[in-house]
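Everything on this sheet refers to the single structure shown next.
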Amino acid sequence: MNLEKTRNIGISAHIDSGKTTLTERILFYCNKIHKISEVRGKDGVGAKMDSMELERERGITIASAATYVSWGDTDINIIDTPGHVDFTVEVENALRVLDGAVLVLCGVGGVQSQSFTVDRQLSRNNVPNIAFINKLDRIGANPFRVTEMLREKLGRNAIMMQIPIGKEEEFQGVVDLIKMKAVYFDGDNGEKLRYEEIPSDLADQAAEYREKMLDELSMFDDDLAEAVLEGIETPELIKKVVRFGVISDKLTPVFMGSAFKNKGVQSLLDAIDSYLPNPTEICNEGFDVDNDDATVVLSMKDSDPTVAYAFKLENQQYGQLTYIRLYQGTIKKGDEIINNRTRKKVKIGRLAKMHADEMIELNELKAGDIGAIFGVDCALGDTFTDTSIHYRLRASHIPEPIISLSIKPKDNKSQTNMAKALNRFTKEDLTFKSYLDEETSETIIQGIGELHLDVYIERMRREYNVELEVGKPQVAYRETITKEIPFEYIHKKQSGGRGQYAKIMGIMSPSGSDDNVFETDIKGGAIPSNYFPGCEKGFDAMMAEGYYTGFPAVGIKMIINDGDFHPVDSSQLAFELATKSAIRENYKKAVPAILEPMMKVSIDVPIEFRGAVLTSINQRRGTVLETRDEEHLAIVVGEIPLSEIFGYGTALRSNTQGKAELSIEFDRYERVPRNLEDDILAEIQKNKEAKK
Ligand code: GDP
């Protein structure tokens, strides 16, 4: 395998901007067009590709997590990045294995609410990307404006590499600003590229935008700057600089077209080939478990020990597939590798790649490549290595669940099926958790949003025939303290035989972050250090189950700086109990507070409904952070506490005749207003009682 000619890419987009259509076109041009030219080569007769075939091709659902296509001599692995914000973990796991991405934007809507989320995800994972402005055939499409939005709203250094020929219904093709040629996409399916002189009415505009492009690019490269001054810049030099800008994540070149009308897709494929990095151009790091988790750079060499990462689990028509990306080494059929989380050995039975909708069996998979293994028991995010090393790759940023609800199967069969479903979902999605509440014998599921849980409940019903009773969603609160207080506590018990004795003194205070901090600062051996772990254990236990609400406590710091012990009666346990009691006794004095999840909401809505949206946010203890108008749309960004957001989607739909588009994302934990604290405490208490 030629790594230089390999691309591992994702296609990221706001919903409805045409990601599916574009992906299908990519599959189409990469496969069928290939075949056409072969046929033509053999018998000299141009193959006929009618729209019927295209229609059939359209029927392909791009269900697999990674599919590969060939564009010229370049192999492109397209990794599916699920779009919905409620599944950020799936998205981030997929992003973890990409080397580059195409950011698709709608030519009319431009940078929309989810574009911000996608943009954040790409930049958090340092994924170099290029932009494709789609739907230029639609009324109101304007790639110049969308490029401006990329610059202003997303702070991208976006430069147009093309300008459109004709607009809306008259959209015909693009001007390539490097070649300075017009490109048209002829044939029933746009499969025939025709290069022409730039239409005369566009010549000035093309010159202007080429100059803009060269100006921007000159910032990256002195050679290019000089060449431009002398007027001797070559396409090769320009492309080299664009490639550099993209790979160093400082530049977003902008391409455009209409996937639906079969225009511009091949040029985008050329751009993927020319500008997005190959696997060796990205530095990937892992951690060496045997060496204190020291950072190691993964070599991407076939000959090094194997390191592979499971980024997606999928139940398919072919059975249970685990999609992996190989960072170094080679995996062959029959090889034994180990799962570094469980330390279990796994034998590679079958190995495959998905080629569009076909499965291709492989004998081996090499560094830099993406494939799937069969029937392997593992969780999302596991790292596999050969037996000589124990590496793990950075766990993706995994959000904690913030919402939970109870589910009750209606009969035994549902019970069994529910267990199966939960087992699978919790493996596939690390933000989805389930457990049995010992006190109430209820099954509780937890997730990162209302919709997140809804989707799984619906899937249990449909895919697993589970009949369920579903409880009300409950917020996962947190608690903290707000005041610094000194404490002193003596734990003393004398009940015949050996007693218990421990004395601790110190300070409890807000830690200033979300973390809990435990420290000791003992001078002169007032407490021997072998009792510290006992203290810390007590502290951790109290933090895990907060003393105010019963939800975990965060942002608390405890320093033990003095105390006393008894040579016979002191023990780890005595110090653990002393610490727990010290916290209990002083917690109230440190003025505890409840924290609630605060959700960022972003709503796109026709302008006439803006008022209704603002009111709806205010009614839910929310704050409006930003409103702006874009043509006929108002975009409202605000925050609403999670407890107030249940059912918001439905309410919004009825307030706006179904025309609002809402995206919700967890932002942070925030202190509940004082006047509501008692109500929330009462509610928490009520929920506890109700369960008993
Ligand atoms: P996704 O949600 O991003 O995957 O978007 P889809 O590919 O499902 O497209 C959403 C809708 O936009 C569908 O009705 C498509 O037919 C339509 N669409 C996609 N690309 C284009 C385009 O280039 N022009 C026009 N006019 N419509 C398009």
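Each value in this text was obtained by applying a stated rule to the coordinates, not by laboratory testing. Treat the numbers as computed from the prediction; the structure is a model and nothing was measured. Reconstructed Cβ throughout: ideal geometry from the backbone, glycine too, with neighbour counts over all protein chains shown.
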Practice problem: Would you please give the residues with an amide H less than 5 Å from that of residue 109, counting only those at least 5 places away or on a separate chain, with H modeled from the backbone geometry? | Solution: none
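Beyond a 19 Å Cα-Cα separation, which of these cross-linked pairs lie in this structure: 179/250; 537/686; 492/580; 333/353?
Working: 179/250 23 Å; 537/686 30 Å; 492/580 13 Å; 333/353 13 Å.
Exceeds cut-off: 179/250; 537/686.
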Quiz item: Under a 5 Å amide H to amide H cut-off, with H placed in plane at 1.01 Å, what residues pair with residue 391 once short-range neighbours are removed?
Solution: 289
Quiz item: Using the alpha-carbon centroid of each, what span in Å lies between region 183-221 and region 91-105?
Solution: 27 Å
Quiz prompt | C-alpha center-to-center spacing [region 443-484, region 630-672] in angstrom | solution = 19 Å
Quiz item: Can you run phi through the Karplus equation (6.51, -1.76, 1.60; θ = phi - 60°) for region 425-436 and list ³J(HN,Hα) in whole Hz, with x for Gly and Pro?
Solution: 4, 5, 6, 6, 9, 6, 8, 9, 10, 9, 7, 9
Quiz item: Residue by residue through region 544-552, which ³J(HN,Hα) values in whole Hz follow from phi under the Karplus form 6.51 cos²θ - 1.76 cosθ + 1.60 (θ = phi - 60°), with glycine and proline marked x?
Solution: 5, 10, x, 8, 9, 10, x, 8, x
Practice problem: Specify the inter-centroid distance of region 535-591 and region 241-257, based on alpha-carbon positions, in whole Å. | Solution: 54 Å
Practice problem: Using θ = phi - 60° and the Karplus relation 6.51 cos²θ - 1.76 cosθ + 1.60, list the HN-Hα couplings for region 473-483 in order, rounded to whole Hz, with x at every Gly or Pro. | Solution: x, 10, 7, 8, 6, 10, 9, 8, 10, 10, 10
Quiz item: Total Lys pairs in region 376-483 closer than 29 Å by alpha-carbon, pairs eight or more apart in sequence or interchain only?
Solution: 15
Practice problem: Please list the non-local residues whose amide H lies under 5 Å from the amide H of residue 634, H modeled 1.01 Å from N, same-chain partners needing a gap of 5 or more. | Solution: 605, 607
Quiz item: Angle, helix 265-275 long axis vs. longest principal axis of the chain, Cα atoms, 0 to 90°, nearest 10?
Solution: 60 degrees
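Would you tally the net charge around residue 9, using a Cβ to Cβ cut-off of less than 14 Å, leaving residue 9 out, and scoring K and R as +1, D and E as -1?
Numbers: positive: 5, 7, 19, 96, 325; negative: 75, 80, 99, 270, 273, 281, 369.
Computed value for this residue: -2.
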Quiz prompt | Per-q log10 I(q)/I(0), region 74-229, q = 0.14, 0.19, 0.20 Å⁻¹ (Debye; single scatterer per alpha-carbon; no solvent) | solution = -0.86, -1.31, -1.34
Quiz item: Taking neighbour Cβ counts within 10 Å as the exposure measure, how do 621, 653 sort from fewest upward?
Solution: 653, 621
Practice problem: Report, to the nearest 10°, how far helix 19-43 tilts away from the longest principal axis of the Cα atoms in the chain, using its own Cα long axis and a range of 0 to 90°. | Solution: 40 degrees
Quiz prompt | Crossing angle, helix 610-619 versus the chain [Cα axis fit, 0-90 degrees, rounded to tens] | solution = 10 degrees
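Taking 41 Å as R0, compute the FRET efficiency from the Cβ-Cβ separation of residue 687 and residue 573 and round it to 0.05.
It comes to 0.80.
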Practice problem: Against the globular-protein guess of 2.2 N^0.38 Å, express the Cα radius of gyration of the chain as a ratio, rounded to two decimals. | Solution: 1.12
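Within a 10 angstrom radius of the beta carbon, how do 637, 246 rank from fewest other beta carbons to most? The partial results should precede the final answer.
Numbers: 637 18, 246 21.
Ranking 637, 246 by Cβ neighbours within 10 Å, fewest first, gives 637, 246.
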